[in-house]
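The values are calculated or read from the model by the stated rules, or taken from the named source; none is laboratory data. All of these numbers come straight from a predicted model, not from anything done at the bench. Neighbour counts run over all protein chains shown; Cβ positions are idealised from the backbone, glycine included.
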């Protein structure tokens, strides 16, 4: 009997990506935790704090038989916008200069997302938030602009991606 992880068996998978030990990079996990604690989500939606392990999750989906219909990635990145600004990033527009970051921005991860989209028919959406503070050393906690963006990120996912009004 084949084991299918819960996150593959749901229609929508929301992945909060980032490292909570590096300031604003912890935005994605913070949004995932808020969605899980403060919102009533439909039965066919799975929210996962992927932390820095998003590549392994995506790889399992690419080679596995079951996949969600839609994947929503929530992550932080620095693309020169005002700190705390939320924006949708088309998968084909992931900045090439982000190939040395922890999560979504690494080339293997973006390639896995493209495979899921192009070869497996999974809709992939990326919601990003402009970082304000990424420390050189371990520092846990979001900057004020990112803290304010967390509930807005949740609402963006619910209203725009899932068409759910809370």
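Some observations on this one:
- Residues that are at pLDDT 90 or above, part of a strand (DSSP E or B) and either under 18 Å from residue 5 (Cα atoms) or in contact with a strand residue (DSSP E or B) (Cβ under 8 Å, 6 or more places away or on another chain) (or both) do occur in region 87-98.
- For residue 88: the one exception among (1) within 12 Å of the chain's Cα centre (by Cα); (2) under 20 Å from residue 110 (Cβ atoms); (3) surrounded by 15 or more Cβ atoms within 10 Å (Cβ to Cβ): (3)
- Enumeration of residues in region 1-23 that are under 24 Å from residue 63 (Cβ atoms) and either more than 16 Å from the chain's Cα centre (by Cα) or in a loop (DSSP other than H, G, I, E, B) (or both): 1, 2, 3, 4, 5, 6, 9, 10, 11
- The set of residues in region 129-151 that are in contact with a strand residue (DSSP E or B) (Cβ under 6 Å, 6 or more places away or on another chain) and assigned to a helix (DSSP H, G or I) contains only 149.
- Just one residue in the set 26, 53 is at pLDDT below 90 and within 26 Å of residue 131 (Cβ to Cβ); that residue is 53.
- Residues of region 27-82 classified as over 21 Å from residue 149 (Cβ atoms), more than 12 Å from the chain's Cα centre (by Cα) and part of a loop (DSSP other than H, G, I, E, B), total: 10
- Any hit, region 58-66, residues being touching a strand residue (DSSP E or B) at 6+ places or on another chain (Cβ under 7 Å) and touching a residue at least 12 places away in the same chain (Cβ under 8 Å): no
- Condition broken by residue 124, with the remaining ones in (1) over 24 Å from residue 10 (Cα atoms); (2) modelled with pLDDT of 90 or more satisfied: (1)
- Tabulated pairs, region 45-57, first over 14 Å from residue 14 (Cα atoms), second at pLDDT 90 or above and part of a loop (DSSP other than H, G, I, E, B), C-beta under 8 angstrom, 6+ apart or interchain: 52/18; 52/19
- Some residue of region 12-24 being within 25 Å of residue 144 (Cβ to Cβ) and loosely packed, with under 13 Cβ neighbours inside 10 Å: no
- Among the residues making up region 41-56, those that are farther than 18 Å from residue 26 by Cα and in contact with a strand residue (DSSP E or B) (Cβ under 7 Å, 6 or more places away or on another chain) are 41, 44, 45, 46.
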